[in-house]
Amino acid sequence: MKKIIALWPNAVREGKTAAHYMAGVPAPDAGSFAVNAIDFFGQRICTCGLINCDGAQILTRKTDTAYKRLLVKDGCLVGFVLLNCSDRAGIYTGMIQKKVPLASLEGDILETPELMLFSKAVRTEKLTGGVRV
């Protein structure tokens, strides 16, 4: 389903794509997805991507103070809901955006995400920005 997702990160990405095309450099756009975060009565809620998805595998982890729900489809993370456990949520968001195959990760996706989930080659690429040292 196509719909407008009027969020600042999406506008920035779309602007970069438009700039590439204006400069004559094709840059296919991967599409938009919703990203939301709010503190509400002392509770921090973060959502990203699809929070309801037919055919998705749902992974959950609950504690007395936190809840994590990850949606996986076709071997990739497609969305999440985080309640009081938003540390490093950007890693999950990047995994959705880049369509990272979960089979390529080394560790438990339900733990707090960190760079050590990724292979050494991927970590090196992320930390150096592709610059060879």
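Of the residues 59, 70, which single one is touching a Ser or Thr at 6+ places or on another chain (Cβ under 8 Å) and closer than 19 Å to residue 107 by Cβ?
One residue alone meets the criteria, 70.
When residue 58 is evaluated against the numbered criteria (1) surrounded by 17 or more Cβ atoms within 10 Å (Cβ to Cβ); (2) β-branched (Val, Ile, Thr); (3) over 20 Å from residue 37 (Cα atoms), which criterion, by number, is the only one it fails?
Checking residue 58 against (1) surrounded by 17 or more Cβ atoms within 10 Å (Cβ to Cβ); (2) β-branched (Val, Ile, Thr); (3) over 20 Å from residue 37 (Cα atoms), the one that fails is (1).
Name every residue in region 87-117 that is among the basic types (Lys, Arg) and either in contact (Cβ under 8 Å) with a residue 12 or more places away in the chain or outside the structural domain of residue 48 (by TED's automatic domain parsing) (or both), in order of residue number.
Hits for region 87-117 are 88, 99.
Please list, ordered by first then second residue, the pairs with beta carbon atoms under 6 Å, 6 or more apart or interchain, first in region 22-36 and over 22 Å from residue 46 (Cα atoms), second modelled with pLDDT of 85 or more.
27/17; 27/20; 29/17
Which residues, counting only those in region 37-68, are in a loop (DSSP other than H, G, I, E, B) and farther than 17 Å from residue 113 by Cβ?
Within region 37-68, 41, 42, 50, 51, 52, 53, 54, 55, 56, 64, 65 meet the criteria.
Of the residues 71, 82, which is modelled with pLDDT of 85 or more, within 23 Å of residue 29 (Cα to Cα) and either part of a loop (DSSP other than H, G, I, E, B) or not β-branched (Val, Ile, Thr) (or both)?
Just a single option satisfies the conditions, and that option is 71.
Given the residues 98, 73, which is the only one that is of a type in the set (Lys, Arg) and out of contact with any Leu (no Cβ under 9 Å at 6 or more places or on another chain)?
That would be 98, the only listed residue that is of a type in the set (Lys, Arg) and out of contact with any Leu (no Cβ under 9 Å at 6 or more places or on another chain).
Conditions (1) among the polar types (S, T, N, Q); (2) not assigned by TED's automatic domain parsing to the domain that holds residue 94, marked per residue:
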{"position": "10", "(1), (2)": "yes, yes"}
{"position": "14", "(1), (2)": "no, yes"}
{"position": "25", "(1), (2)": "no, yes"}
{"position": "43", "(1), (2)": "yes, no"}
{"position": "47", "(1), (2)": "yes, no"}
{"position": "62", "(1), (2)": "no, no"}
{"position": "67", "(1), (2)": "no, no"}
{"position": "71", "(1), (2)": "no, no"}
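Exactly one of these conditions fails for residue 44: (1) of a type outside the set (Ser, Thr, Tyr); (2) surrounded by fewer than 17 Cβ atoms within 10 Å (Cβ to Cβ); (3) at pLDDT below 90; (4) closer than 28 Å to residue 12 by Cβ. Give me its number.
Of the numbered conditions (1) of a type outside the set (Ser, Thr, Tyr); (2) surrounded by fewer than 17 Cβ atoms within 10 Å (Cβ to Cβ); (3) at pLDDT below 90; (4) closer than 28 Å to residue 12 by Cβ, the odd one out for residue 44 is (3).
Please count how many residues of region 92-125 are in a helix (DSSP H, G or I), crowded, with 17+ Cβ neighbours inside 10 Å and either modelled with pLDDT under 85 or among the aliphatic types (A, V, I, L, M) (or both).
3
The values are calculated or read from the model by the stated rules, or taken from the named source; none is laboratory data. Every value quoted in this text rests on a predicted model; they were computed, and no experiment measured them. All Cβ positions, glycine included, derive from the backbone under ideal geometry; neighbour counts span all protein chains shown.
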